[in-house]
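Peer 1: Take this structure first; my questions come after.
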Amino acid sequence: MSLTGCIIKVDTDDWDWDVDHHEHHDAVNGDIEIRESEQTGDIESVNGGVVLNDRSTAGKVEVVNGSVRLNDDVKVESINATNGSIRGKENLQVTHDISTVNGTIRLDEGTEVGAGVSSINGTIRLQGTQVTQNVTTVNGDIRLLDNTHVMGDVVFERTDRSHWGSPSRPVLEIDSTSSVAGNIHLHRDVQLRIDDKADVNKIVHHD
């Protein structure tokens, strides 16, 4: 299904929950909205945002220019945004990765991510979130708050100074209730704001 300049609202009053539903929704110029408690397949948007309302379910969510908002108790396979933020409310479940290039990622209490979380140029703010693999950025801040637990590594990748000049130092903040089971890898200069009571392992500075 391909639509331009419209809002898609999935309505499945007669949904048969014993049947797999894999309808693919894509829009070139327009927003896509999935209603409460509805189930759909993959979602793609070029110029427009995506909203998944409470208790809805989807496959892969991919957006080029637009934000992604996931309300309470949403389940998706993965989330990828090129130019836009990703905002996950409480009890979000993501089977695989969450990633963005130019945008922030903010996830709330009860969120579980089955793989990693990454951003190139945007802050990653995790509150009460569990991440199974790595949390990675290049130029953004990483803030782990309110019982956030990263089972893999936290990685600040090397920035290309020939393109970025003299970039500002990003911040790594970990509060007293949060933890990193793996190592913290710093491939660039980072401001560390790690509480003394935070549960972290080795901090590795790479040249």
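Here is a yes/no grid of residues against (1) farther than 20 Å from Leu92 by Cβ; (2) crowded, with 19+ Cβ neighbours inside 10 Å:
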site: Thr111; (1), (2): no, yes
site: Ile142; (1), (2): no, yes
site: Gly152; (1), (2): no, no
site: Val171; (1), (2): yes, no
site: Thr177; (1), (2): no, no
site: His205; (1), (2): yes, no
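Peer 1: Wholly within segment 45-160, which strands (runs of 3 or more DSSP E) include no fewer than the required count, namely at least 1 residues that are under 29 Å from Leu192 (Cβ atoms) and without any contact (Cβ under 8 Å) to a residue 40 or more places away in the chain?
Peer 2: Filter on segment 45-160 gives 78-83, 86-88, 98-102, 105-107, 111-113, 117-119, 124-127, 129-131, 135-137, 142-145, 154-156.
Peer 1: If you don't mind, there's one more thing I want to ask. What residue, among those in segment 114-128 that are under 11 Å from the mean Cα position of the chain (by Cα) and of a type in the set (Val, Ile, Thr), is surrounded by the fewest Cβ atoms within 10 Å (Cβ to Cβ)?
Peer 2: Across segment 114-128, the extreme among qualifying residues is Thr123.
Peer 1: Can you name every residue in segment 46-58 that is under 20 Å from Arg106 (Cα atoms) and in contact with a strand residue (DSSP E or B) (Cβ under 8 Å, 6 or more places away or on another chain)?
Peer 2: Gly48, Gly49, Val50, Val51, Leu52, Asn53, Ser56, Thr57, Ala58
Peer 1: Let me ask another. Those residues that are of a type in the set (Lys, Arg) and closer than 22 Å to Asn139 by Cα, I need them from segment 71-124; list them, please.
Peer 2: Within segment 71-124, Arg87, Arg106 meet the criteria.
Peer 1: Could you please find all residues in segment 169-201 being assigned to a loop (DSSP other than H, G, I, E, B), under 17 Å from Gln133 (Cα atoms) and over 20 Å from the mean Cα position of the chain (by Cα)?
Peer 2: The answer is Asn183, Asn201.
Peer 1: When you go through Val50, Val10, Val28, Val61 one by one, which is the residue that is surrounded by 19 or more Cβ atoms within 10 Å (Cβ to Cβ) and at pLDDT below 95?
Peer 2: Val10
The values are calculated or read from the model by the stated rules, or taken from the named source; none is laboratory data. No experiment lies behind these values; they were computed from the predicted model shown. No Cβ is skipped: glycine too gets one built from the backbone with ideal geometry, and neighbour counts run over all protein chains shown.
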